[in-house]
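The values are calculated or read from the model by the stated rules, or taken from the named source; none is laboratory data. Quick caveat: nothing in here was measured; it's all calculated off a predicted structure. Positions of Cβ are backbone-derived with ideal geometry, glycine not excepted, and every protein chain shown enters the neighbour counts. Ligands, DNA and RNA are stripped out before the accessible areas are found, and what is left, the full protein with its side chains, is counted by its heavy atoms. Shrake-Rupley method; radii C 1.70, N 1.55, O 1.52, S 1.80 Å.
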Amino acid sequence: MTAADRFARTALTMLRAVTTRRDSPEGYLGSESYELLDLYQKDIEQVGKQLLPELPDDWATALDTLRSLPVVEAKTLATDMAVRKRKQFEKSQWQLFSMWLDDCEGWALVDNLCCDLLSEFLLRWPELLDKTDNWARSKNLWKRRAALVILVRPARDGHFSAALFQRLEFLAADHDPMIYKAVSWALRSAITAERAKVERFLHDNSSVLKPVVIREVRTKLDTGRKSPTLRNTKANTPRQ
């Protein structure tokens, strides 16, 4: 057994040993192909803190082995631990980490990977953006969502604005819930840096956008919130 295999086995054992569980509705995270332990994110992060000193020298391979396990929390933990190693990122590691998108199923895995890990690579090496250009045109639902979600955090500071709005134009008429919710999220994230562009996008695409997208983005423009009654919480709900 390799060091990577031993690490992955230990990590899964620790995840299974967590006794506090949620009671999520069936299919809530959007993944039906993988086992769900139904752990809270804070408990997954705690396991990651405990395991960090145990990571082998070839930590990327160890996390890739952990990520390959058919358990939602194992995949989430691999992403979270990779983010903890951000100071050691190398541009060449994009090839490995971006491949993790291929086995993503469900909004939770996609958002965790794109927002927390892959967007970090784009901010450090903007030329990598070109490698994500075809995602918006993918037949794979989760890659289409990823095309927008990977730009949500950069959009708050005005990064990759041209690419974001190009992708929004392409996906505006995609009415799958996982896409139009990402469209709304991306537009709302761009308001601080690109308010005029967001308003113009709403106007120009009002005939194809889902009404809920227009309502949420307009509310954010007017009130600073997605919903007038929405309060900031750390509940385990879709980030969009």
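Think of each Lys and Arg Cβ as +1 and each Asp and Glu Cβ as -1; about the Cα centre, that makes the dipole of the chain roughly 860 debye. Among 109, 101, 52, which one shows the highest mean-square fluctuation when the chain is modelled as a Gaussian network with alpha-carbon springs under 10 Å? Of the options given, 52 has the highest mean-square fluctuation. Surface composition of the chain: carbon and sulfur atoms hold 47% of the protein heavy-atom accessible area at a 1.4 Å probe.
Note on the chain: helix-only mean residue ellipticity at 222 nm, from DSSP H runs of 4+ residues weighted -39500 (n - 2.57) and normalised by residue number, equals -16500 deg cm²/dmol. Could you tell me which of the pairs 91/143; 87/210; 87/220; 49/139 are separated by over 31 angstrom between their Cα atoms in the structure shown? Exceeds cut-off: 87/210; 87/220; 49/139. 3J(HN,Hα) along the range 49-56, derived from phi through the Karplus expression 6.51 cos²θ - 1.76 cosθ + 1.60 where θ = phi - 60°, amounts to 4, 5, 7, 3, x, 8, 4, x Hz, with x in place of Gly and Pro. Full extension of the chain segment joining residue 169 with residue 86 gains 26.7 nm, where the gain is 0.36 nm per residue of separation less the Cα-Cα distance.
As I understand it, the dipole of the chain uses +1 on the Cβ of Lys and Arg and -1 on the Cβ of Asp and Glu, about the Cα centre. Which of 97, 117, 192 lies farthest toward its positive end? It is 192, whose Cα lies furthest towards the positive end.
Averaging 1/r across all pairs of distinct Cα atoms in the range 95-240 and inverting the result yields a Kirkwood radius of 15.3 Å. Among the GluC sites (Glu not before Pro) found in the range 75-129, those both in a DSSP coil and sparsely packed, with 13 or fewer other Cβ atoms within 10 Å of their Cβ, are 90. Over the range 7-145, what is the relative contact order in percent, taking alpha-carbon pairs closer than 8 angstrom and at least six residues apart? Rounded, it is 23 percent for the range 7-145.
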